[in-house]
Amino acid sequence: MQSESTRRGFLKIAAEATVAFAAAAAYAQETKLTDDKLNIAVIGVANQGRYDLDNVRSQNIVAVCDVNNDYLDEVAKDLPGARTYTDYRKMLEQKNIDAVVIGTPDHTHAPAALLALESGRHVYCEKPLTHTVAEARAVAEMARRHKRVTQMGTQIHASNNYRRVVEIVRSGAIGDVSEVHCWVGSVWTGTGRPAETPAEPIYLDWELWLGTAPRRPYHPSYVPASWRGWWDFGGGALADMACHHMDLPTWALELESPSTVEAEGPPVSPECAPDWLIVKYQYPSKGTRSAVALTWYNGDRRPRYFAEGKLPAWGNGTLFVGSKGMLLADYDRYALLPEKDFTGFQAPAPTIPNSIGHHREWYEACKHGGETTCNFDYSGRLSEAVLLGNVAYRLGQKLTWDGPALRAIGCPEADALLRPHYRKEWRNRIG
């Protein structure tokens, strides 16, 4: 009964918009764009948020929001025509907003995206799409229901290199791929909850920074960047980087939901992500493609092929292992291995058009229609798989995954980690 109730909650996702946003929804769907420019609001304006803002500046930036007033003041000087906010809920009451860019910590992604979508705005959201698995499904469902244009911030997806790798894998050059490895050296972790309770900085609204997350005292261990190492706010290196690296095999092999997920790492901390992690995903066969075993590594762990001397000393990367050879790729290069077997290799003619730019792809589709390559249907499935790795690790057991039902079969204890637990002050749109 518990899992069935949870499933109904996942699929409900708040069917009706609130009265407060009815006018904004009508405006966003009916307004005509001025001078063929999109009216964009940006939530999170520093670091990655600033990168996103700069990449949509050709449009009209009509509102900016950040809980850090120092960041907000800096951007306000640069964009004097944009209204400023510390609370994105207030910002979304502004009627002349067509689209929203979200560049905040992970735990804020889904609450902000769901509210923006529900009010009729198009959304660009940084990776991972959400903080929990259930949120990823909910955000994708909400975008589909409201027919909004969406894009997740995996900008490497727009690179020519990734497109050429996808074409080569799909051409059969390395044969039937049954094994993939993705790895990064990144580490995001912590050392337990701080005992000290220093004063909150005058420039920071800590209560709004926490947002839906459980209340805890401010500490500089969390902000501005170290939040990724804490379960309440992020998901370690897996949540940070796997949407970039697992994107490549997900795209090339058309991976959907894994059938099983298991993980190993150091002893589980109730507070912090681990300093190394190995996650093993099993994906079922599809069409003529065999089942795929995909393994993720971060920290100081690597595939056995390095120790066996079969790979060059590259840094982060992705390895496809096929029946005829291997393909090693990172963001901007690839190699077919063993090299002697691919002497004189001619890559297939390009079939995937080069991107006009990851952000531009989104805002042009908002204005003129068309598809984006990392819409929330695609990036939601990718994010679900990524985040499942942390669930398996924290539970310490292999999960048998029922993707359509969004549940771990025979493991009701997984439910608590699959879905968010928002503070009562915040509306939970997950059901």
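What is the set of long-range amide H partners of Arg407 at a cut-off below 5 Å, with H atoms built 1.01 Å from backbone N?
Close amide H contacts, sequence-distant or interchain: Asp402.
Pull up all non-local amide H partners of Val100: gap of 5 or more, or a different chain, and H-to-H distance under 5 Å with H placed in the peptide plane.
Here the answer is Ala41, His122, Val123, Tyr124, since their amide H atoms fall under 5 Å of that of Val100.
Note down the magnitude of the dipole of the stretch 301-431 about its Cα centre, charges +1 on Lys and Arg C-beta and -1 on Asp and Glu C-beta and zero elsewhere, to the nearest 20 debye.
Roughly 460 debye, rounded to the nearest 20.
Excluding ligands and nucleic acids, what accessible area in Å² is computed for Ser290 using a 1.4 Å probe, to the nearest 10?
Using a 1.4 Å probe on the heavy atoms, I get roughly 40 Å².
Quick check: convex hull over the Cα atoms of the stretch 222-296, volume per residue in Å³, rounded to an integer?
93
Please state the charge dipole magnitude for the stretch 180-273, taken about the Cα centre, from unit charges on C-beta atoms (+1 on K and R, -1 on D and E), reported in debye and rounded to the nearest 20.
260
For the stretch 142-154, in order, what is each residue's ³J(HN,Hα) by Karplus, 6.51 cos²θ - 1.76 cosθ + 1.60 with θ = phi - 60°, in whole Hz (x at glycine and Pro)?
Karplus-based 3J(HN,Hα) across the stretch 142-154 equals 5, 4, 5, 5, 8, 6, 9, 7, 9, 7, 8, x, 9 Hz.
Select from Tyr203, Ile278, Pro258 the residue farthest towards the positive end of the dipole of the stretch 186-278; place +1 on Cβ of Lys and Arg, -1 on Cβ of Asp and Glu, and compute about the Cα centre.
Farthest along the dipole direction, towards plus: Tyr203.
Determine ³J(HN,Hα), in whole Hz, for all residues of the stretch 286-299 in sequence, where each value follows from phi through the Karplus function 6.51 cos²θ - 1.76 cosθ + 1.60 and θ = phi - 60°; x replaces Gly and Pro.
Going residue by residue, I get 8, x, 8, 7, 5, 4, 10, 9, 10, 10, 9, 9, 9, x Hz, with x marking Gly and Pro.
Using helices alone, I'd like the mean residue ellipticity at 222 nm for the chain: each DSSP H run of four-plus residues gives -39500 (n - 2.57), total over residue count, nearest 500.
-9500 deg cm²/dmol
Give me the Debye-computed log₁₀ of I(q)/I(0) at q = 0.17, 0.20 Å⁻¹ for the stretch 114-270, equal point scatterers on Cα only, no solvent, two decimals.
Treating every Cα as an identical point scatterer, log10 I(q)/I(0) equals -1.23, -1.41.
In Å², and per residue, what accessible area does the stretch 296-381 have when probed at 1.4 Å with the other protein chains present?
Ligands and nucleic acids excluded, the figure is 52 Å² per residue.
Show the residues, 5+ positions off or on another chain, whose built amide H is closer than 5 Å to the amide H of Trp188.
When sequence neighbours closer than 5 places are left aside, the close amide H contacts are Ala237.
What number, in nm² with one decimal, is the all-direction average of the projected area of the convex hull of the alpha-carbon atoms of the chain?
Convex hull of Cα atoms, orientation-averaged projection: 21.4 nm².
Just read off the accessible area of Trp251 with the full protein assembly in place, 1.4 Å probe, to the nearest 10 Å².
Roughly 30 Å² of Trp251 is accessible to a 1.4 Å probe.
Name the residue, out of Leu337, Leu238, Leu117, whose mean-square fluctuation peaks in a Gaussian network model built on the chain with Cα pairs under 10 Å.
Of Leu337, Leu238, Leu117, the most mobile in the Gaussian network model is Leu337.
Can you give the charge dipole size of the stretch 378-431 about its Cα centre, rounded to the nearest 20 debye, using +1 on the beta carbon of Lys and Arg and -1 on the beta carbon of Asp and Glu?
Around 200 debye, computed over the stretch 378-431.
Per the Kirkwood definition applied to all pairs of different Cα atoms, how many angstroms is the hydrodynamic radius of the stretch 231-341?
Hydrodynamic radius (Kirkwood, Cα only) of the stretch 231-341 equals 15.5 Å.
What does DSSP give for the chain in terms of the percent of beta bridges that are antiparallel, rounded to the nearest 5?
55
Going from most exposed to least, what order do Ser58, Ser323 have by accessible area with a 1.4 Å probe?
Result, largest first: Ser323, Ser58.
When the accessible area of the chain is computed with all protein chains present and a 1.4 Å probe, what percentage of it is carbon and sulfur?
50
Peptides 199-211, 258-270: what's the order by average Cβ count within 10 Å, highest mean first?
258-270, 199-211
With a ≥ b ≥ c taken as the square roots of the eigenvalues of the C-alpha gyration tensor of the stretch 307-431, please select rounded if a/c is under 1.5 and otherwise prolate if a/b is larger than b/c or oblate if it is not?
Here the stretch 307-431 falls in the oblate category.
Whole angstrom only: what separates the Cα centroid of the stretch 99-165 from the Cα centroid of the stretch 379-424?
Comparing the Cα centres of the stretch 99-165 and the stretch 379-424, I get a distance of 19 Å.
Going down the table (Lys147/Lys324; Lys127/Lys286; Lys280/Lys424; Lys280/Lys367; Lys90/Lys280; Lys127/Lys367), which pairs top 31 Å between alpha carbons?
Table pairs above 31 Å Cα-Cα are Lys147/Lys324; Lys280/Lys424; Lys280/Lys367; Lys90/Lys280.
Please compute the per residue accessible area over the stretch 49-113 with all protein chains in place, 1.4 Å probe, rounded to a whole number of Å².
38
State the answer as a single residue: which of Leu399, Gly369, Ile352 lies farthest towards the positive end of the charge dipole of the stretch 294-420, with beta carbon charges of +1 for Lys and Arg and -1 for Asp and Glu, about the Cα centre.
Sorting the options by dipole projection puts first Leu399.
Please give the solvent-accessible surface of Val100 in Å², to the nearest 10, using a probe radius of 1.4 Å with every protein chain present.
The accessible area of Val100 comes to roughly 0 Å².
Could you give the length gained by full extension between Tyr51 and Glu74, i.e. 0.36 nm per residue of separation minus their alpha carbon distance, to one decimal place?
Stretched fully, the Tyr51-Glu74 segment lengthens by 6.9 nm.
Once both axes come from the Cα atoms, what is the angle between helix 236-245 and the longest principal axis of the chain, in degrees from 0 to 90, rounded to 10?
70
The values are calculated or read from the model by the stated rules, or taken from the named source; none is laboratory data. As the structure is a computational prediction, the values presented were derived from the model and not from experiment. Quick reminder, even Gly has a Cβ in these numbers, built from the backbone with ideal geometry, and neighbours come from all protein chains shown. Calculation scope for accessible area: heavy atoms of the full protein, side chains included, ligands and nucleic acids excluded. Shrake-Rupley method; radii C 1.70, N 1.55, O 1.52, S 1.80 Å.
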